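Engineer: Below is the structure I would like to discuss, written out as structure tokens.
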Amino acid sequence: MARPWNFSAGPSALPEPVLRQAAEEMLDWHGSGMSVMEMSHRGKQFVQICDEAEQDLRDLLAVPDDYAVMFMQGGATAENAIVPLNLIGRRGAAAADYVLTGQWSVKSHKEASKYGDVAIAASSGTEVQLDGKAQKAWTWVPPVESWKVRKNAAYLHFCSNETIGGVEFTDWPTAARLGVDDVPLVVDASSHFLSRPMDIGRTGMVYAGAQKNAGPAGVTVVVVRRDLIGHALPICPAAFDYANVAPEHSRYNTPPTYAIYIAGLVFKWIKAQGGVAAMERASIAKAELLYGYLDSTAFYRNPVHVPVRSRMNVPFILADESLNEAFLKGADEAGLTQLKGHKSVGGMRASIYNAVPLQAVQALVAYMQDFERRHG
Ligand code: PMP
């Protein structure tokens, strides 16, 4: 069996050694005679798996002790509601501010608006005509100094890597740069989690759906400063209240046990590769290769402002869009899969997460060059 190079935005490629280990352990985990799927979430074997996953993640991101790490359910979309349910009431005013840089932060903002007075601190959305319809293009990040953060906001939310637009925050602002005290940052880092060091201590909380860099779909990783826990709105479902989940180390109710196990194997794989610093070095090399080629030709184009181009998600369009179908068909035949762009922006998107090796990007660029030669 030949595995194609998989450029899916998520669920996406997993490290092959992780899949092999999971296959070997499928029927019998470490002599237990059971699959991880068959274990009680309160039994000592799963408790060990879950606690090790938590510790490995703490090691990878140097998570300070005053932060809780939780494995939750519902994806980042559910977390868009779980965040305000837990945090928006902490300062009485039920106010929160959102920075909009793409479709995922727009969704987060819309969801949070159900729970309080939610304002837009900054937005990079620019009106454009696409297929004859007025739409927003998202290609840059508003400078931190222009963000309008209210003093009474319970938190400030942004999405540090917009998976659809391919816009990545290079840095997370400090309180001093924002000019407000006690407005913790809440970061949706879903699509570049574990691809680079992240200064957790600068934030109030970071969350990420696992199905890009951290594991399979079905588990959301949540890292929250402990003093922010315990202020949930009365309507917050018990299973989503951090004050219930954190002290139980993600086992308040039945967690997604198998997804946590696979995520734990991915954490160990990242550690064995040299940690997030090694992931970052590899990501830089892959991104430089792909953007370098895109910028060298007029045949393809990436519209994102250069300093905030995502190292993980690289959208690009063909100058002649009538060639899109031929491009995708040829790519599939060359063993390069899931390159179709998000339906809202069209064109192509190559997601080059941790488990996608440099070799895959080399194969993609070689195919793109060849396609250009034949059609340019
Ligand atoms: N935020 C970001 C940045 C995402 O990329 C995604 C999914 N692609 C989501 C949120 C939503 O995640 P989920 O589908 O797990 O709810």
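The values are calculated or read from the model by the stated rules, or taken from the named source; none is laboratory data. Note that this is a predicted model, so its numbers are computed, not measured. So basically every Cβ, Gly included, is an ideal-geometry build from the backbone, and we count neighbours across all protein chains shown. Side chains included, ligands, DNA and RNA excluded: accessible areas come from the protein's heavy atoms. Shrake-Rupley method; radii C 1.70, N 1.55, O 1.52, S 1.80 Å.
Engineer: Can you give the relative contact order of the chain as a percent, counting alpha carbon pairs under 8 Å and 6+ residues apart?
Structural biologist: After rounding, I find 23 percent.
Engineer: Could I ask something else about it? Round to a whole number: what % of the accessible area of the chain belongs to carbon and sulfur, probe 1.4 Å?
Structural biologist: Within the chain, the accessible surface is 54 percent carbon and sulfur.
Engineer: Residue by residue through region 173-185, what is 3J(HN,Hα) from phi via Karplus (6.51 cos²θ - 1.76 cosθ + 1.60, θ = phi - 60°)? Round to whole Hz and write x for glycine and proline.
Structural biologist: Couplings: x, 8, 4, 4, 5, 7, x, 9, 9, 6, 10, x, 6 Hz.
Engineer: Moving on. Before rounding to the nearest 500, sum -39500 (n - 2.57) across all DSSP H runs of length at least 4 in the chain and divide by the residue total; then give [θ] at 222 nm in deg cm²/dmol.
Structural biologist: It comes out at -10500 deg cm²/dmol, rounded to the nearest 500.
Engineer: Between Rg and the Kirkwood Rh of region 278-376, both from Cα atoms, what is the Rg to Rh ratio?
Structural biologist: 0.93
Engineer: Taking only protein heavy atoms into account and a 1.4 Å probe, give the accessible area per residue of the chain in Å².
Structural biologist: 42 Å²
Engineer: Taking a ≥ b ≥ c as the square roots of the Cα gyration tensor eigenvalues, with a/c under 1.5 meaning rounded and otherwise prolate when a/b beats b/c, else oblate, which class fits region 17-272?
Structural biologist: Note, shape of region 17-272 comes out prolate.
Engineer: Along the charge dipole of the chain, pointing to its positive end and built from +1/-1 on Cβ of Lys, Arg, Asp and Glu, which listed residue (200, 363, 166) has its Cα farthest out?
Structural biologist: 166
Engineer: With the Cα gyration tensor of region 1-133 giving a ≥ b ≥ c as the square roots of its eigenvalues, does the rule (a/c under 1.5 for rounded; else a/b larger than b/c for prolate; else oblate) give rounded, prolate or oblate?
Structural biologist: oblate
Engineer: Between region 230-257 and region 359-376, what is the separation of their alpha carbon centroids in Å?
Structural biologist: 48 Å
Engineer: Further question on the same structure: On a C-alpha basis, how far is the centre of region 142-185 from the centre of region 5-57 in Å? Whole number, if you could?
Structural biologist: So the two Cα centres are separated by 35 Å.
Engineer: If you average the alpha carbon positions of region 88-133 and of region 297-316, how far apart do those two centres end up, in angstrom?
Structural biologist: If we compute the Cα centre of each part, the gap is 24 Å.
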